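The values are calculated or read from the model by the stated rules, or taken from the named source; none is laboratory data. Remember, it's a predicted structure, so these values are computed and weren't measured experimentally. Neighbour counts are summed over all protein chains in view; Cβ atoms, including those assigned to glycine, are modelled from backbone coordinates with ideal geometry.
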There are 2 protein chains.
Amino acid sequence: MFKRRLFTPGPTPVPEQVMLRMAEPMIHHRSPEFQKMFERVNNNLQYLFQTTQPVLTLTSSGTGGVEASFVSLFSPGDTVVSVNGGKFGERWVKMPRTFGLNAVEIKLEWGQAPQPSHIQKALKEHPEAKAVYLTHSETSTGTATDVETLSKVIREHSNALVCVDGITAVGAHEFRFDQWGIDVCVTGSQKGLMIPPGLAFVALSQRAIAAMETATLPKFYFDLRKALQTYKKNDTPWTPAVSLIVGVDAALEIIRSEGIENIWKRHERMAHAIRAGITALGLKLFSECPSHAVTPIWIPSGIEWTMFNQILKTKYGITVAGGQDQYAGKIFRISHLGYYDELDAISVIAGIERALHECNWKFQAGAGVKAVQEIFQMESPSSR
Amino acid sequence: MFKRRLFTPGPTPVPEQVMLRMAEPMIHHRSPEFQKMFERVNNNLQYLFQTTQPVLTLTSSGTGGVEASFVSLFSPGDTVVSVNGGKFGERWVKMPRTFGLNAVEIKLEWGQAPQPSHIQKALKEHPEAKAVYLTHSETSTGTATDVETLSKVIREHSNALVCVDGITAVGAHEFRFDQWGIDVCVTGSQKGLMIPPGLAFVALSQRAIAAMETATLPKFYFDLRKALQTYKKNDTPWTPAVSLIVGVDAALEIIRSEGIENIWKRHERMAHAIRAGITALGLKLFSECPSHAVTPIWIPSGIEWTMFNQILKTKYGITVAGGQDQYAGKIFRISHLGYYDELDAISVIAGIERALHECNWKFQAGAGVKAVQEIFQMESPSSR
């Protein structure tokens, strides 16, 4: 017997009942059965994003969803401001440049989050900016951005659209599309939504929809005007990933029944506990402003990543994520995004304790799991 | 008890063992397990396309796969010739125009297939053409194109790349990428590959790969150069639809074990039998050059499509496809593409007989199923 546990920030584990729903016989996407299901999905996606605005479903990865926003909302030469605080923020600088947009980069050290002053400065220097792209939870650095505050700053100082990469944040961090004045938010299926990768979701405000009317960048597959037209009939412009939409339907049912605010709190508690466990083992956290979705940790000197990871994987069945780009071999990342409960947090810290011990790292046996338990006892809803 | 049977040209039914494979716990796409599986998938895709060239896997519908070929191979102002003999051919005229290509349209009546003379004329008038796009099996009209012959014609008369929409053809019609001198062929997952929608596959010749080096149309998500680079390491540029790739792995195992030539013959036999059954019921076939994947049939006067379809669906659990665009309500289409055997052909004709009878269509009871049986007895491998 060998059990595997996945702690990566996408794909994330899929609830068993959702897996089985996706294994049901195929239905046709131009049928009343599909339309009825898609209508329910569309309603529940609005709940997930906390919006009354349309949330469009695309068959692509999250990157495709962000591309759809660039090509559908802007015209060649338009200026957009992008925060680059990691691998994904960097992508939101490169991508618009590819399509002939003028991307103004706010470059941060990995592990830092953008501050109001960064945004104000960029908007002052570029009053022509049509949009600001923020990464709510930068997966590569496990760093959270205060989207609520920055959205206010953007709206106070400009008419720029507030565009959010919510790919690892939606379903983990508090997010209120309407109340916070967000114009575009993209997420992917393999994150807080707990289903396999293959779908992207794009929420659009009325300002964003108006911008699409005059945008001239060429687009076809990722044309959100087409997706919006068909959305109104609970349909899609191209054949959608039907089985994944069945999965979203099942997952959103779970999300509604837990309640989105409870889900945000659960993720916050999980993140606190994981950080406490890691710190108690004498390891150091990487991010200055940690995400609730994923926790990056410095690999201490004396521990060799390949060996540590090998032990975690082959002896304890645990898959975590390594560092990306310049942080490969220097940090590792534990995801706690989606289908995880408190006992999963204990399990991953327990596995890490065991693997660290086998790498001759010195700490008191059980220090990590004890710290996790203390946080949960202190923060559990029943003890408050 | 109510059994449903899907006879639509995508999504097509998914074999039960493939459904269950896709329901297995999620694995991470940057892991040795995934890479090992993806290597096997990549090898088996070459078998499916009958090629030694790379076959790239994209997370999108088939339409996204064709878009990837346009944006990755061409530069603004390039001329491409597209055959428009139906809804999909029409899309391959509109799409390149969207991206600033000069698309020369060979317009045919629905139900007609392009002839060598059409291609020769277009290439004579447009010697600058960089490519010719053919639709191997036009799903909207159930019409097959003689790709082998036309590929020869294109290569004899030009240096244009031979680009094939093989979306409903690959895995149904004989297709030999290398031997026929094809440069680009696209298919989708929900067709002959028998898995749910959400993946596109693009095979590229060395000439096509060379064309990508100088192509300047902007692209990011659909940049096949990036997909080709990662392909060499059994990886993908963006998070792929992991569960669907697991499905492709299982489906390609089935395909290899049946043997691609046997699969082509099975589809041919199925198409013959369905056509014979339909004709024996006094109905008329729509296409002049019928596909082996889908059979379109004129709805005879006196039969009202909505009522007929309603009976088929609610009494016999059979979903067929209606006509598209100007043929809505005028034709219907039976798919026999993918996971179907001879007894499925009997079942669908039997259901159609019953529904026609209930619509007061006159014919001898059992005429359709008898004709189907005769074809199978005559054409079965054992009786030859």
Inset, instruction - Kindly list, by first and then second residue, each pair from a residue in the stretch B:303-329 that is within 22 Å of A:Met26 (Cβ to Cβ) to a residue that is among the small types (Gly, Ala, Ser) and at pLDDT below 95, limited to pairs with Cβ atoms under 8 Å and residues at least 6 apart or on different chains. - result: B:Thr319/A:Ser31
Legend entry - Hits in the stretch B:1-15 - residues which are more than 9 Å from chain A (Cβ to nearest Cβ) and part of a loop (DSSP other than H, G, I, E, B): B:Met1, B:Phe2, B:Lys3, B:Phe7, B:Pro9, B:Pro15
Inset, instruction - Report whether or not A:Thr145 is among the β-branched types (Val, Ile, Thr) and either within 14 Å of chain B (Cβ to nearest Cβ) or touching a Pro at 6+ places or on another chain (Cβ under 7 Å) (or both). - result: yes
Legend entry - Condition check for A:Ala68: touching a residue at least 24 places away in the same chain (Cβ under 8 Å), in the same structural domain as A:Phe201 (by TED's automatic domain parsing) and either aromatic (Phe, Trp, Tyr) or touching a Leu at 6+ places or on another chain (Cβ under 6 Å) (or both): yes
Inset, instruction - Have a look at A:Leu204, A:Leu199 and point out the one that is within 13 Å of another protein chain (Cβ to nearest Cβ), buried (at least 24 other Cβ atoms within 10 Å of the Cβ) and in contact (Cβ under 8 Å) with a residue 60 or more places away in the chain. - result: A:Leu199
Inset, instruction - Can you confirm whether the stretch A:16-26 contains a residue that is among the polar types (S, T, N, Q), assigned to a loop (DSSP other than H, G, I, E, B) and surrounded by fewer than 17 Cβ atoms within 10 Å (Cβ to Cβ)? - result: no
Legend entry - Hey, B:Met212 buried (at least 24 other Cβ atoms within 10 Å of the Cβ), in contact with a helix residue (DSSP H, G or I) (Cβ under 8 Å, 6 or more places away or on another chain) and either within 14 Å of chain A (Cβ to nearest Cβ) or in contact (Cβ under 8 Å) with a residue 24 or more places away in the chain (or both) or not: no
Inset, instruction - Would you please name the residue that is nearest to A:Gln324 (Cα to Cα), looking only at residues in the stretch A:253-277 that are in contact with a Leu (Cβ under 8 Å, 6 or more places away or on another chain) and surrounded by fewer than 23 Cβ atoms within 10 Å (Cβ to Cβ)? - result: A:Arg275
Inset, instruction - Check B:Glu67 against each of (1) within 22 Å of A:Ser31 (Cα to Cα); (2) modelled with pLDDT of 95 or more; (3) at the interface with chain A (Cβ under 7 Å from one of its Cβ atoms); (4) out of contact with any Ser or Thr (no Cβ under 6 Å at 6 or more places or on another chain) and name the one condition it does not meet. - result: (1)
Inset, instruction - Take A:Asp249 and decide whether it is outside any helix (DSSP H, G or I), assigned by TED's automatic domain parsing to the domain that holds A:Glu156 and of a type in the set (Asp, Glu). - result: no
Legend entry - Residues of the stretch A:70-86 satisfying the condition of being within 12 Å of chain B (Cβ to nearest Cβ) and out of contact with any Pro (no Cβ under 8 Å at 6 or more places or on another chain): A:Pro76
Inset, instruction - Collect the residues in the stretch B:156-172 that are out of contact with any helix residue (DSSP H, G or I) (no Cβ under 7 Å at 6 or more places or on another chain) and either of a type in the set (S, T, N, Q) or under 12 Å from B:Ser69 (Cα atoms) (or both), keeping them in residue-number order. - result: B:Asn159, B:Thr168
Legend entry - Residue identified as at pLDDT 95 or above, within 27 Å of A:Thr143 (Cβ to Cβ) and touching a Phe, Trp or Tyr at 6+ places or on another chain (Cβ under 8 Å) among A:Ile334, A:Ile352: A:Ile334
